[in-house]
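The values are calculated or read from the model by the stated rules, or taken from the named source; none is laboratory data. Since the structure is predicted, the reported quantities are computational estimates derived from the model, not experimental observations. Here the Cβ positions follow ideal geometry from the backbone for every residue, glycine too, while neighbour counts run over all protein chains shown.
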Amino acid sequence: MRKIFVSIFVFFLTFFAFSVTRVSAAKILTSEKGTVTVAKGEVVNDDLFIGAATAEIDGVVNGDVFVGAQTVKIAGTINGSLHAGTQSLRLENAFISGNVYAGSQNIAVTGANIKGSLITGTQILNIDKTSTIGGSIIAGVAVVTIDSQVKRNVIIGSGMLTIGDNARIGRDLYYATGSNQANISSKAKIVGVTHKYEAKTPQPQISQKQTSRFFATAKVVSSIVSYLGSLIIGLILVKLFAKRFTGAVGMVSKSFWKSLGIGFLVIISVVPALIILLITVIGIPLAGLTLIVLILYIALSKIIVGAAVGNWIAAKLNWKIDTFWPFALGLLIIYVLKLIPVAGGLVGFVVMLIGIGALILQTSKAE
């Protein structure tokens, strides 16, 4: 047991040490209150990490961009993917060769060319007629307007949806909205099939069946938002901590039962261990540290197991595709299974145990 907790403690320290080593190889721009700018004509030949009040990219970034800011404006070129957490995101005449993963209050896409997919959770999303999405749009949003070309699928969970006159959707449209809150122009072109999931307006007298349906719908919506968040976190982990992440995913396949057993051992012993550390007083900081790492492991467990499931399916079907899609599929399977009544809780618990065990095994191996 001592070895397990020592492994957790060591991993917590090396986690951040590894982070500094990996990120230091990339371009880092920070400004707590000011603006970080990649000027027009400037070229960044590496991944770019930005932390600022305002971020503006007018130049060229030959790599992925990770940005956390209150306001983000992209008017240049990103030859990679964009990962953004911001209050306001504007893509104005931008070119992005990869995907856009964004969590924001307001996203405006004007004259932009996104070669990959747009995956987002936001309050307001507007994509104008001069923009092009080369992949799919997957979004959980309060109000969304799409008037652009989307070459693959559009999958939307929204309070209010508008598909404009100039919209061109290359495959299927899936949408779920409130009652009578979808406005799809007759001039819009949808090559595939339109799948409509419209919530009915609740009656004044709410039956038990309606209440159950409401909570079931709320659970599905929260799962979609959580899935998108986990997907983005997983991609960031692959980018920043590829070796450790891949190693932990491999442990799920190579040492499945061992991972499950160690995960179970940690869960049943962590509470007594924390109590002992708290009683000693001197162990209080270690107790807090251990609890933080355990919470981190629990959050990462479904991502680790989802990636392992996706890799297993890809290997069985001999898929020769980018690793993103097996990971996205495996994670989706985990979330769908967790929605099953009763059995879903058991699935979630087992996934948590396996993920924790795999992370600890990888940490022990690395150290």
- Message: Is it the case, given these coordinates, that LYS189 is at pLDDT 75 or above and closer than 30 Å to ASP147 by Cα?
- Response: yes
- Query: Name the pairs whose Cβ atoms lie under 8 Å apart, with the first residue in the stretch 103-118 and at positive phi and part of a loop (DSSP other than H, G, I, E, B), the second crowded, with 24+ Cβ neighbours inside 10 Å and modelled with pLDDT of 95 or more, and 6 or more positions between them or separate chains?
  - Reply: GLY111/SER131
- Message: Name the residue that is farthest from the chain's Cα centre (by Cα), counting only residues in the stretch 223-250 that are more than 20 Å from LEU332 (Cα to Cα) and among the aliphatic types (A, V, I, L, M).
- Response: ALA242
- Query: Does VAL252 meet the test of being modelled with pLDDT of 85 or more and not small (Gly, Ala, Ser)?
  - Reply: yes
- Task: Hey, could you check the stretch 310-333 for residues that are in a helix (DSSP H, G or I) and touching a residue at least 40 places away in the same chain (Cβ under 8 Å) and say which is farthest from THR363 (Cα to Cα)?
- Result: LEU332
- Which residues, counting only those in the stretch 119-136, are in a strand (DSSP E or B) and either modelled with pLDDT of 95 or more or more than 17 Å from the chain's Cα centre (by Cα) (or both)? ILE124, LEU125, ASN126, ILE127, THR132, ILE133
- Of those in the stretch 297-330 that are within 15 Å of ILE236 (Cα to Cα) and aliphatic (A, V, I, L, M), the residue surrounded by the fewest Cβ atoms within 10 Å (Cβ to Cβ) is ALA299
